[in-house]
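Worksheet: one structure, shown below.
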Amino acid sequence: MKQTAIINIYNFIRKSHEEPSRFIQDDFDTIRKQIQLVRQYGLPATYALKYDALTDPRYQKLLREETAPQDEISAWWEITRELCEKAGVRFRGQVTEEFDERVNSAYCIGYEPEERKRLVDAYMDTFFSVFGRYPKSIGSWVLDTVTLEYAAERYGITAAATCRDQIGTDGFTLWGGWPNGVYFPSRRNENLPAQNPANQLPVPVFRLLGPDPIYNFEQNLRPDLYGMVFTLEPAWLTGRDEQWIRWMFDTITKEDSLGIGYAQVGQENNFLWENIGPGLLPQLNLVERLAKEGLARVETMAASGEWFRKKYRITPPMTWQASRDWNAAHNLSAQWYASCCYRVGFLGEEGRLRVRDFFLYRDEYLSRYRRHAMTNAKSTFDALPLLFPQLWAGQDEPRPFIRLLGADGAEPEGRIRFYAASETEARAELTDPATGALLARFSMLPDRLVLEGESDLVFDRLPVFRAAEGRCVEMMHEGFAYRFTVETGTLTRAGADGLRIAPEGGKICLLLADAPLTESMFTAQYLKDPAPLDSVQTQWTESGAVPPFTPRLDPPECVFPAGTEASITLTAWQEGVLRYTTDGTLPDEHSPVYTGPIPLQKDTTLCARLFLADGRVSEPVCAHYQFVLTEMELQSPTRFDPRTVFSAGGIQGLLDPRRGSCDYLCGQWLGTLENLDVTGLLPEETEVESIGLGFLSHHRSGIVFPEYIELFTGPDPEHLTRKDTLHLPCAPCAREIARQDFVFPVNETLRCFRLVAHRYAKMPQWCAYKGVPDVFTMADTLLVKPKQA
């Protein structure tokens, strides 16, 4: 089945990550680099402005002058004190210097419906005064139907964006809604698609962050996945893993799926460029290729929303699936089917096909925030559950599934296949791997689910069960009564402890709507002339005066064994002249031309830039290479972070030649919540000039330079004396993220040394999480330099 695949490059912009807002140069530089990178690829993008950035002349000038004509400037919907003052609304937050991300003050659902409209008026008035028009799209971690309806009717908003499914993250729980992509929301509940045009908002809603179709929805269900993020966000591990990125885009461009495959690429600038760049670059590399091959459309969110509105009358069914796993440790497969009546998620594991997630949609299920502001500190958006394992899995109980059970009481096992049977029907099949015989087939249609085969369908638990009357199963969730009908099949068990349905004539059919769905999903405009909407393609733009891509150094910044010779290679992605310097200054048109590997024999700061024939010059790439002693034994009583990305191979990671970057997820940083205590034993007595250790500071993420460092030296670990103590300033660095080598002069002959880096007991007052006891210390490389002859 030919699927439409859409990619929105969507970067949302905050002037500040804290309240009250203040201008921070690193945040500004981050969005500038995001704009530059997207322009280098010639792709369209959407830039959504929080009110604090909208009102700042520096951000206004940046977006006016450096975005492309095809780009979209839109609204990022977070509430600030200044916006409330303009709207005449009391700001709900306690305005202090503390980091403030509270849902009930920073987001629209913390305000009464009439206040939300005044906030929209105030924002739109400012936006119009800055850009001479109103935005076409609006996005936020959470939105509500009051805001959407008012912004659409009064200001012409045609598209919206909201967060992916997640549980409890930053105070937000969204679960059971549209699994990925785009839908028309119900006027009564922003999390659900409407079942007919009369009840829907004509504002397509897009789900943000590119969730993994397998592992995002395993949240809180597998112990080895706790605390991990599985999305396209370039600031997280999967979002910069090139194998995972290719796999993720395969799920929306190559699977036999129906409907719209969708991915959002981009990140809010507050994560800072050092953490965003490592993922955004490989993502855009692939996005460019997919667009050129015609496998995906890359466009602004407003353009995608307008296309969706013109083509679809109601939300069309979709599937989103992964027939293979990127993670060999689990080897799972998954399929999602969603229509305007329900969503169902299948999980394939060890030859077993199970339903792992199942929710019904009803227009009458009112959002908690439709009529009033939220009254607590955390928000909840949900749907009507038939299977909600994250909520229903007891502490000492196995997670619930909806299973196939044969006459022998065992689950059938076989080969699993997911595919689209038509533009509205999808299938999940289980076949005998030896004979190819059909064991079970689920067919999903917009208003019903059909199971073919001789197996019973068994719900492990159904705590929302209320009654079974004839063929109707009645349930209750949050005081709302709902039901589904067993059109074909026999109920043999029904209750809160589970449900079992036996087939009739080899078939089970569940009607999942209150009445059969008869609405046409296409607009009259589309049915009359589908060609214009079916032939939409990516619109490219010239890169113009945008600087070329930055060249690469190979190897990147690292150390080499003392007394050896090293060489550094330069590569560029574009035709031009590479020039470099070895004294730390920026290369210019008079600097040496790179013609081959650059030899190094001593500590050197190497910088390089690419010069194009049309006069454009890249930003510089710089690295400091050092020559140090690398042969020694290390030991440490410190307990390091158990996560692979922060453990760097244990204490021996301090001898890895690669240096840690300003990206704390680069895999080269050794992290601990204790004092870092390391003892090094050299092979023999050696004249040592200095001993140092590299550290990272990223106080937004709880990573802080040590409070002080002690150096002990001596002939062996049992006979060490304190040589020096280095007290570091208790103050933020000049930049939000900083690396620094802290070095002790030694100038003595020794065989053994010990470094103890003492962490702060609590986060200092200038950190984002001030007063929190979990202070991370992160170190990368021991720098033991011999005395020069």
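The values are calculated or read from the model by the stated rules, or taken from the named source; none is laboratory data. None of these values were measured; they are calculated from a predicted model. Glycine also receives a Cβ, built like all others from the backbone with ideal geometry; neighbour counts cover every protein chain displayed.
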inquiry  = It is to be established whether one or more residues within the range 5-23 are among the basic types (Lys, Arg), modelled with pLDDT under 95 and either assigned to a helix (DSSP H, G or I) or surrounded by fewer than 20 Cβ atoms within 10 Å (Cβ to Cβ) (or both).
reply    = yes
request  = Filter the range 331-340 down to the residues that are surrounded by fewer than 24 Cβ atoms within 10 Å (Cβ to Cβ) and touching a residue at least 24 places away in the same chain (Cβ under 8 Å), then identify the one that is farthest from residue 256 (Cα to Cα).
outcome  = 332
remark   = When every residue in the range 517-545 that is small (Gly, Ala, Ser) and in a helix (DSSP H, G or I) is compared, the one farthest from residue 316 (Cα to Cα) is 531
query = Which of the residues that make up the range 118-154 are under 29 Å from residue 171 (Cβ atoms) and among the polar types (S, T, N, Q)?
reply = 126, 137, 140, 145, 147
ask   = In the range 271-282, what residues are buried (at least 24 other Cβ atoms within 10 Å of the Cβ) and farther than 20 Å from residue 53 by Cβ?
value = 279
ask   = Looking at the range 313-366, which of its residues are of a type in the set (Gly, Ala, Ser) and part of a loop (DSSP other than H, G, I, E, B)?
value = 323, 328, 329, 339, 351
ask   = What number of residues within the range 283-312 satisfy the criterion of being assigned to a helix (DSSP H, G or I), basic (Lys, Arg) and crowded, with 17+ Cβ neighbours inside 10 Å?
value = 2
ask   = Taking residue 430, is it within 21 Å of residue 346 (Cα to Cα), within 35 Å of the chain's Cα centre (by Cα) and not in a loop (DSSP other than H, G, I, E, B)?
value = yes
note = When restricted to 367, 443, 455, the only residue closer than 28 Å to residue 142 by Cβ and either among the charged types (D, E, K, R) or surrounded by 16 or more Cβ atoms within 10 Å (Cβ to Cβ) (or both) is 367
query = Can you name every residue in the range 506-521 that is modelled with pLDDT of 95 or more and surrounded by fewer than 19 Cβ atoms within 10 Å (Cβ to Cβ)?
reply = 506, 507
note = The residue that is surrounded by the most Cβ atoms within 10 Å (Cβ to Cβ), considering only those in the range 609-623 that are of a type outside the set (Val, Ile, Thr) and in contact (Cβ under 8 Å) with a residue 60 or more places away in the chain, is 610
remark   = Per the filter on the range 143-163, residues in contact (Cβ under 8 Å) with a residue 40 or more places away in the chain, part of a loop (DSSP other than H, G, I, E, B) and surrounded by fewer than 24 Cβ atoms within 10 Å (Cβ to Cβ) are 158, 163
key: Verdict on residue 680 being modelled with pLDDT of 95 or more and either closer than 16 Å to residue 785 by Cα or assigned by TED's automatic domain parsing to the domain that holds residue 701 (or both)   = yes
key: Cβ pairs under 6 Å, 6+ apart, first in the range 566-587 and over 11 Å from residue 623 (Cα atoms), second among the acidic types (Asp, Glu)   = 569/554
inquiry  = Any residue that is in a helix (DSSP H, G or I), surrounded by 21 or more Cβ atoms within 10 Å (Cβ to Cβ) and assigned by TED's automatic domain parsing to the domain that holds residue 209 - is there at least one of those in the range 263-270?
reply    = yes
inquiry  = Given the condition touching a Ser or Thr at 6+ places or on another chain (Cβ under 7 Å), among the acidic types (Asp, Glu), part of a strand (DSSP E or B) and closer than 21 Å to residue 674 by Cα, answer yes or no: does some residue in the range 703-712 qualify?
reply    = yes
query = Restricting to the range 532-542, what's the tally of residues that are among the polar types (S, T, N, Q) and over 19 Å from residue 290 (Cβ atoms)?
reply = 0
